[in-house]
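Novice: Could you have a look at this structure, given as structure tokens, before my questions?
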Amino acid sequence: MDNNSIILLVVAIAGGLFLIWMILYFIPIGLWFQALVSDVKISLLQLVLMRWRKVPPSVIVGAMIEGKKAGLELYRDLLEAHYLAGGHVPQVVHALVSASKANIDLTFQIATAVDLAGRDVFEAVQMSVNPKVINTPPVTAVAKDGIQLIAKARVTVRANIKRLVGGAGEETILARVGEGIVSSIGSSDSHKAVMENPDFISKVVLDKGLDSGTAFEILSIDIADIDVGKNIGAGLQIDQADADLKIAQAKAEERRAMAVAKEQEMKALAQEMKAKVIEAEAHVPLAMAEAFRSGNLGVMDYYRMKNIEADTQMREAISKPEGKKKTDKLK
């Protein structure tokens, strides 16, 4: 056998294997036989057409076999439609089987709607059977006596299958629980009452129906830890006192400035009056000279005026204290 014959034989074998692979790929006989022995009614032609519709036959056949063994009636065309819509067929079938075993009312339409909404429907069914515990972050609140409390809670929730589509998620539950804790502590007269009876917070929060409009049902709210924080009331009072002190100091400074301005104004007025008196006294000799020239003032009148002035100065000197007199002499 020459080399050309060997090459042709190898090419023929490879081509035959490739042809067999192509036939088995487009005509999944093994998968059809698996469905047949599992009592799943699906024709070989439908399996071939699934390839042309770009639907993996193994996914659809596997889902139908799982549903058949679990006693569920699943339809091939609905499973294909869900796959083509971007859904997760195995997760939906797992959820339907789990719900059936747990006696949970879950229909195929609801399961596919939840899956297409972006939620893990299988995880939701598991959460309905086995509730989940959500730990809240530290929630800070202040009681009426001004003492700050820091509380942590554990929220036990169960998935509500009927509200999975359009229902709020865990973030909403945490936000509402935190709001309820703040409201409960804030309405307490004393932080000691909250520390003595933390169950009071759980009862108040549960009574508010915080799971309304969410995809969960709150089973319990347990306060895991409460720590005492700062004395917010005392801090606010200190800040208020500092603010009042600064306001009082500002008003006092304003009054002092006004008093100084008033004093300066009075001094200026006194200086002005003194200047007018000095100016008037400067005109007295001129007026007396004019009176002498006009004959309205005689010599005796002048001496009588000087006597009166001397008497006035003597009386002022007698009426002054000793200290004032010494000061005047020094001047």
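Just so it is clear, none of the values below were taken in a lab; they were calculated from the coordinates. Because the structure is a prediction, the values reported are computed rather than measured. Note that each Cβ is placed from the backbone with ideal geometry, even for glycine, and that neighbours are counted across all protein chains shown.
Novice: Estimate the FRET efficiency between residue 266 and residue 318 by the formula 1/(1 + (r/R0)^6), using the beta-carbon distance for r and 35 Å for R0, to the nearest 0.05.
Specialist: 0.70
Novice: Determine the alpha carbon to alpha carbon distance for each of 152/230; 68/162; 54/132; 152/246; 41/162; 132/192 and list only those over 28 Å. If you can, show how the numbers build up before the last one.
Specialist: Numbers: 152/230 17 Å; 68/162 25 Å; 54/132 38 Å; 152/246 40 Å; 41/162 32 Å; 132/192 31 Å.
As for pairs spanning more than 28 Å Cα to Cα, those are 54/132; 152/246; 41/162; 132/192.
Novice: What is the log10 of I(q)/I(0) for the range 140-204, computed with the Debye formula using one identical point scatterer on each Cα and no solvent, at q = 0.12, 0.24, 0.25, 0.26 Å⁻¹?
Specialist: Result of the Debye calculation: -0.37, -0.98, -1.04, -1.10.
Novice: Here is a follow-up. Considering Cα pairs under 8 angstrom that are at least six residues apart, work out the relative contact order of the range 136-175 and quote it in whole percent.
Specialist: 32
Novice: Order 29-37, 135-143, 266-274, 173-181 from most to least packed using the mean count of other Cβ atoms within 10 Å.
Specialist: Ranked by mean Cβ neighbours within 10 Å, highest first: 173-181, 135-143, 29-37, 266-274.
Novice: Next question, about the same structure. Could you give log10 I(q)/I(0) at q = 0.09, 0.14, 0.17 Å⁻¹ for the range 112-240, computed by the Debye formula over C-alpha point scatterers of equal weight, without solvent?
Specialist: Rounded to two decimals, the profile gives -0.32, -0.64, -0.83.
Novice: Which one, 210, 220, 249, is farthest towards the positive end of the dipole of the range 204-267 when Lys and Arg carry +1 and Asp and Glu -1 on their Cβ?
Specialist: Projecting each Cα onto the dipole axis, the largest value belongs to 249.
Novice: Shifting gears a bit: Could you give me D for the range 44-193, from Stokes-Einstein at 10 °C and 1.306 mPa s, where the hydrodynamic radius is the Kirkwood radius over C-alpha pairs? Units µm² s⁻¹, please.
Specialist: In µm²/s, the coefficient rounds to 87.
Novice: How much of the pair distance distribution for the range 199-311 lies past 22 Å, counting alpha-carbon pairs only, in percent?
Specialist: Working: 4698 of 6328 pairs.
Cα-Cα pairs in the range 199-311 separated by more than 22 Å: 74 percent.
Novice: Apply 1/(1 + (r/R0)^6) to the Cβ-Cβ distance of residue 103 and residue 58, taking R0 = 30 Å, and write down the FRET efficiency to the nearest 0.05.
Specialist: E(calc), rounded to 0.05, equals 0.50.
Novice: Write down the radius of gyration of the range 91-174 and its Dmax, each obtained from C-alpha positions, in Å.
Specialist: Final numbers for Rg and Dmax: 17.1, 56 Å.
Novice: Right, next: Under a point-charge model restricted to the Cβ atoms of Lys and Arg (+1) and Asp and Glu (-1), what is the dipole moment magnitude of the range 93-228 relative to its Cα centre, in debye to the nearest 20? Could the numbers behind the result be given before it?
Specialist: Working: 13 positive and 17 negative charges, 53 e Å.
Dipole size: approximately 260 debye.
Novice: Moving on. Please work out, to two decimal places, the log10 of the ratio I(q)/I(0) at q = 0.18, 0.21 Å⁻¹ from a Debye calculation in which every Cα of the range 65-114 carries one identical scatterer.
Specialist: The Debye formula, applied to the Cα set alone, gives -0.50, -0.68.
Novice: Now, a different point. For the chain, what does -39500 (n - 2.57) per DSSP helix run (n ≥ 4), summed and divided by total residues, give at 222 nm, in deg cm²/dmol to the nearest 500?
Specialist: -22000 deg cm²/dmol
Novice: Another question about this same structure. Pick the calculated Cα extents along the principal axes in Å for this structure from (i) 89, 73, 37; (ii) 58, 51, 38; (iii) 174, 68, 39?
Specialist: Only one option fits the structure, namely (iii).
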